Amino acid sequence: MRVGVLTGGGDCPGLNAVIRAAVIAGAQRHGFEFVGFRDGWKGVLEGLTTPLDTERVRPLLAVGGTVLGSSRTNPLAVEGGVERIRKTLAELGVDALLAIGGEDTLGVATALHEAGVPVVGAPKTIDNDLSATDFTFGFDTAVQTAVEACDRLHTTGASHHRLMIVEVMGRHAGWIALHTGMAAGAHVTLLPEVPVDLDEVAATVREVLERGEAPLAVVSEGAAVGDAEVTTGAPLDAFGHVQLGGAGERLERELAQRIPGLSSRVTVLGHLLRGGTPSAADRILGTRSGLSAVTAIAEGNFGTMAALRGTSVVQVPLSEATGVLKTVPAARIAETAGVRW
Ligand code: F6P
């Protein structure tokens with residue numbers, strides 16, 4: 001059996017751990033051969049490959065990013081995309097695909113499975129917003145990196161009696177902000193899932209300052225801060241258009257209007273959260289995902305992905321993972337509601 005492997009969408013710590021485990025276990029346990037497709041579905045569409053064998057993958061466990069490269073190419077949006085994929089697989093003698101990715105990549109895998117292409121998935125995203133799995137690898141590393149940054153920012157903030165605003169990734173789901181805020185002891189944590197009451201945020205910031213402490217605010221990039229109706233004071237660009245900035249910047253602007261003399265700084269962590277070596281937990285989850293995926297291929301259990309359920313990694317239908325994002329549930333939000341740290 002010859003297995004093609006690809007990584008799609010935004011990269012994430014732990015991708016190489018999946019590739020390593022799948023290739024080593026696939027070769028040893030099942031006698032599989034592997035070929036890497038470069039840059040996600042683009043590589044499968046265009047037949048762009050890279051060799052993938054045990055020797056190449058052995059040193060990859062702790063390496064960040066993906067050795068296969070990634071892209072956001074969606075073959076379903078390309079004329080004749082599915083047929084081109086079938087053609088590449090036939091030409092290269094690839095019998096099965098392992099697609100490692102998030103919502104978009106696995107959405108394509110689901111459609112290909114429905115079209116008869118033998119494919120299994122491994123879910124990844126630092127955002128942790130994929131349904132059907134409790135956690136995705138990459139998330140733990142992202143939160144750890146964000147918390148380290150917050151700890152550092154908090155000490156400089158304290159020296160200058162400043163509000164430090166830290167913007168983290170998470171366009172649609174606030175998992176990174178929620179966990180970072182909790183682990184870093186943030187006084188304010190804003191998620192896309194919860195409407196933002198700027199007056200309440202200002203009251204909290206004032207209270208922390210009055211106690212003689214430096215407030216820390218963790219803001220998801222997708223938090224609804226300073227939307228259209230609350231952009232008063234936003235700078236204008238050369239064409240007179242309002243420059244909204246990111247959620248962190250918008251929060252700073254809104255608070256400056258509510259708290260005279262407030263000193264604040266904004267740090268956007270952005271792609272810092274996606275880079276670097278994976279945490280131990282993400283190396284383990286990535287490895288378990290790769291092991292589960294090759295077992296699924298050996299058993300002909302196509303159209304499934306490796307999901308973490310409690311402490312077990314099990315194969316679940318790909319269709320369960322795509323279509324609806326896993327946002328932070330109301331029960332998690334209620335746990336801390338009204339508590340002023
Ligand atoms: O989905 C992962 C993610 O890192 C999001 O948190 C973020 O909004 C987005 O990707 C950034 O994408 P890009 O790397 O294309 O800027």
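None of the figures in this text is laboratory data; all of them are computed from the coordinates on show. For clarity, every value in this text was computed on a predicted model and none was experimentally measured. Note that we place each Cβ from the backbone using ideal geometry, even for glycine, and neighbour counts take in every protein chain shown.
Comparing Cα centroids, the stretch 270-341 and the stretch 3-21 end up 14 angstrom apart. Cβ crowding within 10 Å, taken as a proxy for footprinting-reagent exposure, orders E210, E167 from fewest neighbours to most as E210, E167. Suppose a student asked you for the relative contact order of the chain, using Cα pairs under 8 Å spaced at least 6 residues apart; what percent would you report? The normalised contact order for the chain reaches 23 percent. A compact globular protein would have a Cα radius of gyration near 2.2 N^0.38 Å; the ratio found for the stretch 140-274 is 0.99.
In a Gaussian network model over the chain where Cα atoms closer than 10 Å are linked, find which of T125, T277, T88 has the largest mean-square fluctuation. Judging by the Gaussian network model, the answer is T88.
Here the stretch 1-97 is described by how far its Cα atoms reach on the three principal axes: 38, 29, 15 Å, from widest to narrowest. The angle between the Cα long axis of helix 175-184 and the main principal axis of the chain comes to about 50°, on a 0 to 90 degree scale. Relative to the longest principal axis of the Cα atoms of the chain, the long axis of helix 280-298 makes an angle of roughly 30 degrees. Footprinting exposure proxy ranking of T49, T189, fewest other C-beta atoms within 10 angstrom first, gives T49, T189. Fewest-first ordering of L130, L285 by other beta carbons within 10 Å of each residue's beta carbon gives L130, L285.
Quick note on the chain: its Rg to Rh ratio, both from C-alpha atoms and Rh being the Kirkwood radius, is 1.05. Relative to the longest principal axis of the Cα atoms of the chain, the long axis of helix 81-92 lies at roughly 50 degrees. Within the chain, antiparallel bridges make up roughly 30 percent of the DSSP beta bridges whose residues both belong there. Counting only lysines at least 8 places from K42 when in the same chain, those with an alpha carbon closer than 16 Å to its own are K87.
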